[in-house]
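Chemist: Once you've had a glance at the structure underneath, I'll fire off some questions.
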Amino acid sequence: MFSAVSHSPDLPDRYVCERCHAVYAGTVVRDDDDTRHFEAPSECAACGSTAFVAFEQYVHADV
């Protein structure tokens, strides 16, 4: 008989490219003490920028 364990997976942190505003899911990184966290990508696949801001800190206003 199959027994399923019910749990909710962690949602990844999201990052926004500061140049083209593409949104990315963070990449899981494991530290030396085996804790895990998310990091922004090293480069935007759409425009090549290396500048990202956390989704929660992203504010976009039409000027």
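Quick note: the coordinates plus some simple rules give every number you see, no bench work behind them. Note that the structure is a prediction, hence the values are computed from the model and not measured. We place every Cβ from the backbone using ideal geometry, glycine too, and count neighbours over all the protein chains shown.
Chemist: Just to be sure I understand the model, the point goes 7 Å from the Cα along the line to the Cβ. What's the resulting GLU56 to ASP10 distance in nm?
Modeler: Distance between the two pseudo-spin positions: 1.3 nm.
Chemist: When you have a sec, figure out the Kirkwood radius of region 14-57 from all distinct Cα pair distances and drop it here in Å to one decimal?
Modeler: On the way: mean 1/r = 0.0921 Å⁻¹.
Answer for region 14-57: a Kirkwood hydrodynamic radius of 10.9 Å.
Chemist: So how do 43-54, 12-23 stack up, highest first, on mean other-Cβ count within 10 Å?
Modeler: On the way: 43-54: 13.7, 12-23: 16.0.
In decreasing order of mean packing, 43-54, 12-23 become 12-23, 43-54.
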